[in-house]
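Undergrad: My structure is below; once you've seen it, I'll send some questions.
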Amino acid sequence: MLRRVAMRVGRLLIWLMLLAASIAAGHRACAARPPLTPDAALQSILSAARAAAATSCADPADQLVRILCAGTIRVGVRDDYPPFAAAAAGGRSGFEVAVATRIAAALGVSPTFVTVTPADRIALLAENRIDLAIATMGDTTLRDGQARFIRPHYYASHTAIVGPRAIPLRTLRSLAGHTLCVTVGDSSNPELAAAGVRLLLFAAPAQLIDELHAGACSLIAQDDTFFARYFAKPRFSAEYETKFTMDPLPWGMAVARSGGDQLATALSLISEIFHRDGVFLRLAERNGVAPAFLREQRAVWQRPTCDTAQGFANPACVLPPRQSDMARTRFAGTVAAAEAFIAAHLGLHLSLAIFKLQPAWDLVRQGILNSIILIVGTLAATLGFALVIGRALGARRRVLRWPVRLLVMLLQSTPPVLSLVIAASAANAIFAFSAALALGAAILSLGLINGGNAGQAIAEAMATLRAEEAHRPAGRPALSDDVLYVHALRRSLTQIIAFLINATKATPMASFIGAPELLNALTDSTSFSSDRETTYWLLLIFYVVAVLLVVRLCGVMRGVLERRIAAS
Amino acid sequence: MSLLPPALPPSFLPHLLVGMLRDFAMAGMALGLGLLLGLPLALLWAHPGRLRVVPAAIVQLLRAAPTFVVMFFLLNILPHQARLFGAEVTITKQFTVALSLLPYSASIVAENGAEALRQLRLGSTLAALLFLPNLARTYFVLVMASGSAAAIGVREGISVILRQADQFPNFGARLWIFVLGVFVYGLILQSGFFLVLELRRRLAKRVVRRRAAAWSAGGGKSDGG
């Protein structure tokens, strides 16, 4: 009996030892085994989905199962954006169409194409009228809440700066002080303006090409995918080139937010594989799409750390979506209520987005502050230059008078815009561009132009006083030049005030050289708001009020001065 | 930084001249529109009575509108196409620039026109005739101001200069282009102002001659001018 018990205990111990050994061996084996590949993970998901499709097509649990049951995947593509997607009598073509076809093949189904537009592509996903959108859609944090983006991204666009090959500008920094033609509302405009680039605004991208050909624009900026079709033409690519690109925006395929977890995972794994194996790259090259981004991505997805079943969730491998969801201002609710009130009672449909979105409001606030600095600075510079130039022009010594006279003549002969550009170019040649530099150059330039004219008025007044002095009553001692100068200032006060007002009116021109005043700020804010009418109405009102205030202020100061003179 | 003048393409000067002609055209349009709006204002303003407050206020407002802002405002507010008396009209950028100069030109026409009418009423023909040289001076100021059109992509003189300057990376070369631009614009402006002075001098001479003739014909009675 005891022997039998001992044998059973012995066997149990052996079993336990074997179990422990096998667990340890298993653990060692697991530790040594490489992580699951995306290919294996994809096969696993597809096998499970096929199994589900074989049994439950009446009520599919996931969109992937529904696709397998239907034997087709409905893909939303554009029909007007070559070389990405275009439709013609011969059928659909383009990079995105080719990608959709390869994805359908990887799933073992056929593609059914549905034409979508930027306006309806997300809505069609939400309404389950398409299973997948591959439609030039940038992955942004804002859109992330509306559709489920497939990562890794299948492409990325950039803002490309294009110009004649002869122009040697290659960096954003080198563009400071140069003119660049852009479209209104382009998301890169604020960054370009902040770099000191003079922005010329156009309504549509096609206009940029016309202006480039016609010579009105030396450089143009637009999405690089827009330029793809033009660079496909030998004549265009012989004459022009992409100087540099900036502001990358990853493009993502998207599925509906709900009901498609397995589909989304399968598409992410397919994307990983397509990047790693160069499928995306080959399709891009075949369709004339710029391959630089896809080459970079291929290298990324060939890394062992990224080429895994979970690589698509690894932040070190996947690009983040562009930040686009903007914080709202504290008073956004009040502004919205005001919009509604005006619409209801006055029938005016205002869109005051610049007061509702924090980044736009920050821009506007900074623009107003800079405009005030610019106006005050220009007034001070005008007055300062007027006093100095007036004194020099009124001097008896020719050596002082003639160089200043020549300077005034030059200033008067130069169109104000050109004066500003010359000042800004000179400043940029010495210092690196900055907002303060642009403001300083504008203040100096506008102060010189208007101060020169006002100074001339002072000198003319001085000349009349000297002529009168020549016929002074006998016995009265001659007035000194200093006294005459003070009288000349008094006599030319109307002219000085006129040029101070002119200087105020000229301040918005500073936007042309990149000074971040209100006109520039509001132009930048159109990147956040499509409503230009309200924006430019506000701009006009601001500057008219500013000029009227300066007129009033000058009037008050004139009154004070005249009362003091009368009293003395 | 090289200070030697850069080699300019042969097309630069013709393009600059064509661009400057556009400046002249825009200034002409602005002055024409200014006369259309400014002269009725001048008539009202010169009229003695309470009604003159209205044109005075309008002129004050017109004077306060910065041309550059008005240009951007109109560019973004005006439609590209409009119907005028049943006909489809394209609103070009040049026309937009001319319109943006309208507040300035109209206010000057109204102000000087009203003054000329007052002088005429007082019997001073010579002072009234100063309206013409002032108008000519305004035209040249408008030519210079129309250079702002470069900011919205109009192919006028300044934009030709800036485009050429953009071709050169160093400031020395660009400065030469700017100097050339200043010279050409300066030549036109100074010639214009010289013509204005000459016009004023001739007018003065003619009026003095006429006054002298009237004086001798009327036995020493002047026309008051």
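The values are calculated or read from the model by the stated rules, or taken from the named source; none is laboratory data. Fair warning: this is a prediction, and the values are worked out from it, not measured in the lab. With ideal geometry, Cβ positions are generated from the backbone for all residues, glycine too; neighbour counts draw on all protein chains shown.
Undergrad: Which condition number does A:Leu548 fail, the rest of (1) more than 14 Å from chain B (Cβ to nearest Cβ); (2) closer than 20 Å to B:Arg63 by Cα being met?
TA: (1)
Undergrad: Then there's this: Name the single residue, out of those in region A:262-303 being among the charged types (D, E, K, R) and under 26 Å from A:Gln63 (Cβ atoms), that is surrounded by the most Cβ atoms within 10 Å (Cβ to Cβ).
TA: Among those residues, the one meeting the criterion is A:Glu272.
Undergrad: Which number in (1) over 15 Å from the mean Cα position of the chain (by Cα); (2) at negative phi; (3) within 11 Å of another protein chain (Cβ to nearest Cβ) marks the one condition that A:Arg198 misses?
TA: Among (1) over 15 Å from the mean Cα position of the chain (by Cα); (2) at negative phi; (3) within 11 Å of another protein chain (Cβ to nearest Cβ), the lone unmet condition for A:Arg198 is (1).
Undergrad: Would you say A:Glu239 is at pLDDT 95 or above and on the phi < 0 side of the Ramachandran plot? First the steps, then the outcome.
TA: On the way: at pLDDT 95 or above: no; on the phi < 0 side of the Ramachandran plot: yes.
Against the criterion (at pLDDT 95 or above and on the phi < 0 side of the Ramachandran plot), A:Glu239 does not qualify.
Undergrad: For region A:278-286, indicate whether the set of residues that are modelled with pLDDT of 90 or more, outside any helix (DSSP H, G or I) and not assigned by TED's automatic domain parsing to the domain that holds A:Ile73 is non-empty.
TA: Looking through region A:278-286, none of the residues is modelled with pLDDT of 90 or more, outside any helix (DSSP H, G or I) and not assigned by TED's automatic domain parsing to the domain that holds A:Ile73.
Undergrad: Does at least one position in region A:377-397 carry a residue that is free of Cβ contacts under 8 Å to residues at least 12 places away in the same chain and in a helix (DSSP H, G or I)?
TA: No: zero hits.
Undergrad: Only residues that are without any contact (Cβ under 8 Å) to a residue 40 or more places away in the chain, aliphatic (A, V, I, L, M) and under 16 Å from A:Pro416 (Cβ atoms): list them for region B:66-110, please.
TA: B:Val69, B:Val70
Undergrad: Do any helices (runs of 4 or more DSSP H) entirely within region B:1-85 hold 2 or more residues that are surrounded by fewer than 18 Cβ atoms within 10 Å (Cβ to Cβ), and if so, which?
TA: Values: elements: B:12-46, B:53-64, B:67-77.
In region B:1-85, B:12-46, B:53-64 are the helices (runs of 4 or more DSSP H) which contain 2 or more residues that are surrounded by fewer than 18 Cβ atoms within 10 Å (Cβ to Cβ).
Undergrad: I've got another one for you. Taking A:Leu411, is it more than 12 Å from chain B (Cβ to nearest Cβ) and crowded, with 22+ Cβ neighbours inside 10 Å? Walk me through it before giving the result.
TA: Numbers: more than 12 Å from chain B (Cβ to nearest Cβ): no; crowded, with 22+ Cβ neighbours inside 10 Å: yes.
No.
Undergrad: Any residue in region A:107-124 that's without any contact (Cβ under 8 Å) to a residue 60 or more places away in the chain and under 24 Å from A:Ala48 (Cβ atoms): show its pairings with residues that are among the aliphatic types (A, V, I, L, M) and surrounded by 15 or more Cβ atoms within 10 Å (Cβ to Cβ) at Cβ separation under 6 Å, as long as the two are six or more apart or on different chains.
TA: A:Val109/A:Ile67; A:Val109/A:Ile73; A:Ser110/A:Ala104; A:Pro111/A:Ile73; A:Pro111/A:Val75; A:Pro111/A:Ala100; A:Pro111/A:Ala104
Undergrad: Same structure, new question: Return the residue satisfying two criteria in turn: it lies in region A:394-408 and is closer than 26 Å to B:Ala145 by Cβ and surrounded by 16 or more Cβ atoms within 10 Å (Cβ to Cβ), and of such residues it is farthest from the other protein chains (Cβ to nearest Cβ).
TA: At the first step, the residues of region A:394-408 found to be closer than 26 Å to B:Ala145 by Cβ are A:404-408.
Imposing the further condition that a residue be surrounded by 16 or more Cβ atoms within 10 Å (Cβ to Cβ) reduces the set to A:404-405, A:407-408.
Working: A:Val404: 17, A:Arg405: 13, A:Leu407: 12, A:Val408: 12 Å.
The qualifying residue farthest from the other protein chains (Cβ to nearest Cβ) is A:Val404.
Undergrad: Search region A:425-466 for residues being closer than 20 Å to B:Arg174 by Cα and within 11 Å of chain B (Cβ to nearest Cβ), and hand back the single one that is surrounded by the most Cβ atoms within 10 Å (Cβ to Cβ).
TA: If we take residues in region A:425-466 being closer than 20 Å to B:Arg174 by Cα and within 11 Å of chain B (Cβ to nearest Cβ), then A:Ala427 is surrounded by the most Cβ atoms within 10 Å (Cβ to Cβ).
Undergrad: What's the number of the only condition in (1) crowded, with 16+ Cβ neighbours inside 10 Å; (2) over 27 Å from A:Ser187 (Cα atoms); (3) among the aromatic types (Phe, Trp, Tyr) that A:Phe341 fails to meet?
TA: Unmet condition: (1).
Undergrad: Can we say A:Thr334 is among the hydroxyl-bearing types (Ser, Thr, Tyr), outside the structural domain of A:Ser511 (by TED's automatic domain parsing) and over 30 Å from A:Asp482 (Cβ atoms)?
TA: Details: among the hydroxyl-bearing types (Ser, Thr, Tyr): yes; outside the structural domain of A:Ser511 (by TED's automatic domain parsing): yes; over 30 Å from A:Asp482 (Cβ atoms): yes.
Yes: the conditions hold for A:Thr334.
Undergrad: Show the residue pairs that are 6+ apart or on different chains and have beta-carbon atoms under 6 Å apart, the first residue being within region B:113-141 and on the phi > 0 side of the Ramachandran plot and surrounded by fewer than 19 Cβ atoms within 10 Å (Cβ to Cβ), the second being outside any helix (DSSP H, G or I) and not hydroxyl-bearing (Ser, Thr, Tyr).
TA: Here the result reads B:Gly123/B:Gly224, each pair linking region B:113-141 to a residue that is outside any helix (DSSP H, G or I) and not hydroxyl-bearing (Ser, Thr, Tyr).
Undergrad: With the structure loaded, tell me whether A:Asp223 is modelled with pLDDT of 85 or more and either buried (at least 24 other Cβ atoms within 10 Å of the Cβ) or closer than 20 Å to A:Gly288 by Cβ (or both) or whether it fails that test.
TA: Yes; evaluated as a whole, the condition is true for this residue.
Undergrad: Could you tell me which of the residues A:Ala89, A:Ala61 is at pLDDT below 90 and either surrounded by 14 or more Cβ atoms within 10 Å (Cβ to Cβ) or in contact with a strand residue (DSSP E or B) (Cβ under 7 Å, 6 or more places away or on another chain) (or both)? Walk me through it before giving the result.
TA: Working: A:Ala89 fails: either surrounded by 14 or more Cβ atoms within 10 Å (Cβ to Cβ) or in contact with a strand residue (DSSP E or B) (Cβ under 7 Å, 6 or more places away or on another chain) (or both).
Sole residue among the options that is at pLDDT below 90 and either surrounded by 14 or more Cβ atoms within 10 Å (Cβ to Cβ) or in contact with a strand residue (DSSP E or B) (Cβ under 7 Å, 6 or more places away or on another chain) (or both): A:Ala61.
Undergrad: Among A:Val75, A:Val97, A:Val109, which is modelled with pLDDT of 95 or more and over 28 Å from A:Asp224 (Cα atoms)?
TA: Details: A:Val75 fails: over 28 Å from A:Asp224 (Cα atoms); A:Val97 fails: over 28 Å from A:Asp224 (Cα atoms).
Of A:Val75, A:Val97, A:Val109, the one residue that is modelled with pLDDT of 95 or more and over 28 Å from A:Asp224 (Cα atoms) is A:Val109.
Undergrad: Criterion first (surrounded by fewer than 24 Cβ atoms within 10 Å (Cβ to Cβ) and under 21 Å from B:Met71 (Cα atoms)) does A:Glu562 satisfy it? Write out each step before concluding.
TA: Values: surrounded by fewer than 24 Cβ atoms within 10 Å (Cβ to Cβ): yes; under 21 Å from B:Met71 (Cα atoms): no.
Spelling it out, it is not the case that A:Glu562 is surrounded by fewer than 24 Cβ atoms within 10 Å (Cβ to Cβ) and under 21 Å from B:Met71 (Cα atoms).
Undergrad: Scan A:Pro168, A:Pro190 and give me the residue that is outside the structural domain of A:Ser511 (by TED's automatic domain parsing), assigned to a loop (DSSP other than H, G, I, E, B) and touching a Pro at 6+ places or on another chain (Cβ under 9 Å). Walk me through how you get there before you give the answer.
TA: Working: A:Pro190 fails: assigned to a loop (DSSP other than H, G, I, E, B).
Matching residue, one of A:Pro168, A:Pro190: A:Pro168.
Undergrad: Within region A:253-268, does at least one residue satisfy the condition of being touching a residue at least 12 places away in the same chain (Cβ under 8 Å) and part of a strand (DSSP E or B)? Please lay out each step first, then the result.
TA: If we filter region A:253-268 for residues that are touching a residue at least 12 places away in the same chain (Cβ under 8 Å), which is where we start, we get A:253-257, A:259-268.
Retained after the next criterion (residues that are part of a strand (DSSP E or B)): A:254-255.
Yes, region A:253-268 contains at least one residue that is touching a residue at least 12 places away in the same chain (Cβ under 8 Å) and part of a strand (DSSP E or B).
Undergrad: Can you tell me which of (1) within 30 Å of A:Ile134 (Cβ to Cβ); (2) touching a residue at least 60 places away in the same chain (Cβ under 8 Å) is the one A:Leu363 doesn't meet?
TA: Every listed condition holds for A:Leu363 apart from (1).
Undergrad: Quick test of your reading of the structure: A:Gly377 fulfils all but one of (1) modelled with pLDDT of 90 or more; (2) within 14 Å of chain B (Cβ to nearest Cβ); (3) closer than 30 Å to A:Met557 by Cα. Name the failing condition by number.
TA: (2)
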